[in-house]
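Notes follow once the structure below has been shown.
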Amino acid sequence: MDFTLNEDQQAFQDTARAFAREQMAPYAADWDENKIFSKEFYAKAGELGFCGLYTPEHAGGMNLTRLDSAIVLEELAAGCTSTAAFISIHNMATWMIAQWGKESTIEQWCGDLTQGKKLASYCLTESGAGSDAGSLRSTAKKQGQQYLLNGSKMFISGAGDTDVLVVMARTGTQEEGSAGISAFAIPAQLDGIHYGKNEAKMGWNSQPTRAISFENVLVDQDSLLGQEGEGFKIAMRGLDGGRINIATCSIGAAQACINHSQKYMLERQQFGKPLAAFQALQFKLADMLTELIAARQMVRLAASKLDADDVDKSTYCAMAKRFATDAGFNICNDAMQLHGGYGYLKEYPLERFMRDARVHQILEGTNEIMRVITARRLFEVGAPEALR
């Protein structure tokens, strides 16, 4: 068991770190303050392959492992957590199209998506179907060679500014539950698609969040991903990786906050000596680093389980998402505290990292649902020995 990054992984990390330092960190405050969703930036990210990290090569992607992708996303999140989080969502939606789309659908979308020339949104959540996603009510009724799509979605990242929507809708009856859900990749500007206002949010301001309504939207049957009734399975497959992605974005934010805190504690003087000379503050930063290292290794373990298609991959992804997003937020919050009043100022990036990291405990399945997934597996026969 070797925890050292191999030569390729080190190269991915170095490239992503330099890109984040040069193309993200200098602009992050402006993107946050002015709610700028920079399509020019995503095109630059696409040139380095960051918009198709684990999308297969035949669809234009880099075909990286989930572990390698997590290493890249962590570095990007240290530059701008909100923007890196959207890159992670775009990667998930692009991978879904490449994995389950028909050849014509892959040709239509994936080349531009992996290059960052076009962008994707993932549309699962509804106003009445959040944690209980299997109860969603948007419908797609077959009409000849098309589907008639009606319903609405909530909290959709990028909505109104992206080019393709990966939409989960009900092709079966409500009584069928999750078995009646199908997935579609549809152009974002079809007639009958309407977007709500860009929500005013605590964080994640560099990406828009809107509601979407579908009113008698005619969708070509070739837009179906996989087979009818496979949509919920596709959604959950995507979310295993999505949970790793969002967890590693929390790790990147936490790492950036520790970096800032270490530097600040060496420079800031109180009572005639630097903050770094006070043992209580030394212990605080030491605990933050310990939590960060533990969270990072847990995320990378879960990514390795997903790469290996381990039977318990979903449980490991849920545990890693819960632990890393909780730890990441706490580290960002503690870093603000170490900076005192300066940490509360927008002149410093601490409060932005904290605001952006907070939502990671809610999306891609709330951390309470992550506990449900873990506990459900834990009480199966032999689980305590299997989950080690």
Q: Please determine, by comparing only the residues of the range 131-150 that are open to solvent by less than 70 Å² (accessible area, probe 1.4 Å) and either without any contact (Cβ under 8 Å) to a residue 40 or more places away in the chain or among the basic types (Lys, Arg) (or both), which one is farthest from residue 173 (Cα to Cα).
A: 144
Q. Could you count how many residues in the range 35-46 are in contact (Cβ under 8 Å) with a residue 12 or more places away in the chain and in a helix (DSSP H, G or I)?
A. 7
Q) Residue check, residue 210 against (1) surrounded by fewer than 16 Cβ atoms within 10 Å (Cβ to Cβ); (2) assigned to a strand (DSSP E or B), all met but one. Which one? A) (1)
Q.
What pairs come out if I take residues in the range 164-181 that are not assigned by the TED database to the domain that holds residue 98 and pair them with residues that are open to solvent by less than 30 Å² (accessible area, probe 1.4 Å) and of a type in the set (Phe, Trp, Tyr) whose C-beta lies under 6 Å away, six or more apart or interchain?
A. 164/109; 166/122; 167/184
Q: Could you check residue 158 against (1) open to solvent by 10 Å² or more (accessible area, probe 1.4 Å); (2) in contact with a strand residue (DSSP E or B) (Cβ under 9 Å, 6 or more places away or on another chain) and say which number it fails?
A: (1)
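Could you tell me whether residue 12 is surrounded by fewer than 20 Cβ atoms within 10 Å (Cβ to Cβ), closer than 24 Å to residue 255 by Cα and touching a helix residue (DSSP H, G or I) at 6+ places or on another chain (Cβ under 9 Å)?
On the way: surrounded by fewer than 20 Cβ atoms within 10 Å (Cβ to Cβ): no; closer than 24 Å to residue 255 by Cα: yes; touching a helix residue (DSSP H, G or I) at 6+ places or on another chain (Cβ under 9 Å): yes.
For residue 12, the condition - surrounded by fewer than 20 Cβ atoms within 10 Å (Cβ to Cβ), closer than 24 Å to residue 255 by Cα and touching a helix residue (DSSP H, G or I) at 6+ places or on another chain (Cβ under 9 Å) - is not met.
One line per residue, one yes/no per condition, for (1) in the same structural domain as residue 351 (by the TED database); (2) more than 23 Å from residue 323 (Cβ to Cβ):
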| site | (1), (2) |
| --- | --- |
| 218 | no, yes |
| 237 | yes, no |
| 258 | yes, no |
| 264 | yes, yes |
| 270 | yes, yes |
| 274 | yes, yes |
Q.
Within the range 232-249, does at least one residue satisfy the condition of being open to solvent by 20 Å² or more (accessible area, probe 1.4 Å) and in contact with a strand residue (DSSP E or B) (Cβ under 8 Å, 6 or more places away or on another chain)?
A. yes
Q: Identify all residues within the range 366-377 that are more than 13 Å from residue 323 (Cα to Cα) and touching a residue at least 40 places away in the same chain (Cβ under 8 Å); write none if there are none.
A: 373, 377
Q | Candidates 275, 285, 306, filtered to the one that is touching a residue at least 40 places away in the same chain (Cβ under 8 Å) and in contact with a strand residue (DSSP E or B) (Cβ under 9 Å, 6 or more places away or on another chain) | A | 275
Q: Could you check the range 83-175 for strands (runs of 3 or more DSSP E) lying wholly inside it with 1 or more residues that are more than 29 Å from residue 200 (Cβ to Cβ)?
A: 139-143, 146-157, 164-170
Q) Which condition does residue 204 not pass, out of (1) more than 24 Å from residue 105 (Cβ to Cβ); (2) at pLDDT below 95, if it passes all the others? A) (2)
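Can you tell me which residues in the range 377-388 are outside any helix (DSSP H, G or I) and either under 24 Å from the mean Cα position of the chain (by Cα) or of a type in the set (Lys, Arg) (or both)? Spell out how you get there, then give the answer.
The initial filter retains those residues of the range 377-388 that are outside any helix (DSSP H, G or I), namely 379-382, 387-388.
The one that is outside any helix (DSSP H, G or I) and either under 24 Å from the mean Cα position of the chain (by Cα) or of a type in the set (Lys, Arg) (or both): 388.
Filter the range 76-114 for residues that are open to solvent by 10 Å² or more (accessible area, probe 1.4 Å) and β-branched (Val, Ile, Thr) and give the result. Don't jump to the end; show me each part of the working.
Residues of the range 76-114 open to solvent by 10 Å² or more (accessible area, probe 1.4 Å): 78, 89, 95, 99-104, 106-109, 111-112.
Those that are open to solvent by 10 Å² or more (accessible area, probe 1.4 Å) and β-branched (Val, Ile, Thr): 89, 106.
The values are calculated or read from the model by the stated rules, or taken from the named source; none is laboratory data. Here the structure is a predicted model, which is why all the values come from computation and not from measurement. Cβ sites come from the backbone with ideal geometry, for glycine too, and all protein chains shown count toward neighbours. These accessible areas exclude ligands, DNA and RNA; they are computed on the full protein's heavy atoms, side chains included. Shrake-Rupley method; radii C 1.70, N 1.55, O 1.52, S 1.80 Å.
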